[in-house]
1. Can you tell me the relative contact order of the range 5-72? Whole percent, Cα pairs under 8 Å, sequence separation 6 or more.
2. Using θ = phi - 60° and the Karplus curve 6.51 cos²θ - 1.76 cosθ + 1.60, what whole-Hz ³J(HN,Hα) does each residue of the range 59-74 get, with Gly and Pro shown as x?
3. Please give every one of the lysines within straight-line cross-link reach of residue 52, meaning a C-alpha to C-alpha distance under 19 Å, and leave out same-chain neighbours fewer than 8 residues apart.
4. Take the alpha-carbon centre of the range 178-236, take the same for the range 29-97, and report the distance between them in whole Å.
5. On full extension of the chain, what length is gained from residue 131 through residue 84, given 0.36 nm per residue of separation minus the C-alpha to C-alpha distance?
6. Assigning unit charges at the beta carbon (Lys, Arg +1; Asp, Glu -1) and nothing else, what dipole magnitude in debye, to the nearest 20, does the chain show about its Cα centre?
7. Among the GluC sites (Glu not before Pro) in the range 63-107, which ones are in a DSSP loop with at most 14 other Cβ atoms within 10 Å of the Cβ? Mind listing them?
Amino acid sequence: MARIKIVKGENFVTIEDTKILANQELIELITYLMGQSFIKNCKNVNILVNSKFNKEVDSLLIENGFKLHDENVTVHKVLDDSSKVENGFLLKDLHELSVAEFKRVWEESMKGSLNAPSSLDVDEQMRSVELELGPNYKKSCIIAYDKGNPIGVIMPHIEPGTSEEGRIFYFGIIPNERGKGKSKLLHQQALEILKNDFMATHYIGCTGHNNLPMLKTFRNNGCTVIEQNKVFKREN
């Protein structure tokens, strides 16, 4: 158990970092977890299964009520001075915005996403942000503006339990601003915030394997693919 990562939110549990286990170890772990009350009583349970595992793991999860929800691609980038952005978008966080306005733009940016939809509504996701990121969550909830109009949301933060691993809890462009080349610049700004404001030394990013625009943004900004995981989900 200590070798994997378990993220607990208000209405979900996510099991990550399964790649460090052997095939039989993961099978034994799944069998053990299915008997635990925090799994049995949780509304949404997610398990990330690394691409190295065989079909026996998939079959065991399906037998226990899981469904294949998505396949995620994970990328990595060392954050150095190449992340510097000269003329970016205007950014405002929750110290300048109302929560209602942030949630409105966040919800808009999720519409038509090429990633598999979340099982949580925007209010539940907002509570998960507060719970997972802690008291400084407001500086991570950012709306980007172009010529006075909101164009999307970025949520940079340090991965809990680490001191230098930069993550972006959510990254999204609202539908009528997509396809205009804004994703690359906004992602660059998010990386710069991770480096300069959160003191991250490296970045770990993730998106669905069907989200080709985001995968292109990762490539354009110097990120390297490090792994691919199937996302199995069970709703109780």
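A short reminder: the numbers here are calculations on the coordinates, not readings from a lab. Predicted, not measured: the structure shown is a model, and the values here were computed from it. All Cβ positions, glycine included, derive from the backbone under ideal geometry; neighbour counts span all protein chains shown.
1. About 36 percent, as a whole number.
2. Working through the residues one at a time gives 4, 5, 5, 4, 4, 9, x, 8, 10, 6, 9, 5, 10, 9, 9, 10 Hz.
3. Counting by Cα, and skipping residues close in sequence, residue 52 has these lysines nearby: 5, 19, 67, 230, 233.
4. 13 Å
5. The span from residue 131 to residue 84 would gain 13.9 nm if fully extended.
6. The calculation lands at about 440 debye.
7. Working: sites: 63, 71, 86, 96, 101, 107; in loops: 86, 96.
Counting only loop positions with at most 14 other Cβ atoms within 10 Å, the GluC sites (Glu not before Pro) in the range 63-107 are 86, 96.
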